[in-house]
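The values are calculated or read from the model by the stated rules, or taken from the named source; none is laboratory data. Since we're looking at a predicted model, the values are computed, not measured. FYI the Cβ positions are ideal-geometry reconstructions off the backbone, even for glycines, and counts take in every protein chain you see.
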Amino acid sequence: MHITAEVVGEQTHELDLTREATYADLLHEVGLNPHEATVLVDGRPVPDDGPVTVEHVRVLRLIKGG
């Protein structure tokens with residue numbers, strides 16, 4: 001499954017994930033983990049263990065170093 005993951009305020013990633021991939025897997029592919037970011041689908045957060053079901057997501061970093 002081809003996914004576009006837009007990391008808010010950073011860059012956009014084009015990913016190819018398996019059908020069994022979860023949103024936690026998606027975060028891992030963009031170099032983040034569920035403790036530092038959340039995935040938004042249609043502006044709403046989705047569970048990390050939920051299956052990826054859409055082709056475009058936004059990733060919101062919750063923690064950012066300074």
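Here are the numbers:
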read-out: Check on residue 59, touching a His at 6+ places or on another chain (Cβ under 6 Å), at pLDDT 95 or above and surrounded by 10 or more Cβ atoms within 10 Å (Cβ to Cβ); value: no
read-out: Any hit, region 20-27, residues being touching a helix residue (DSSP H, G or I) at 6+ places or on another chain (Cβ under 6 Å) and surrounded by 10 or more Cβ atoms within 10 Å (Cβ to Cβ); value: no
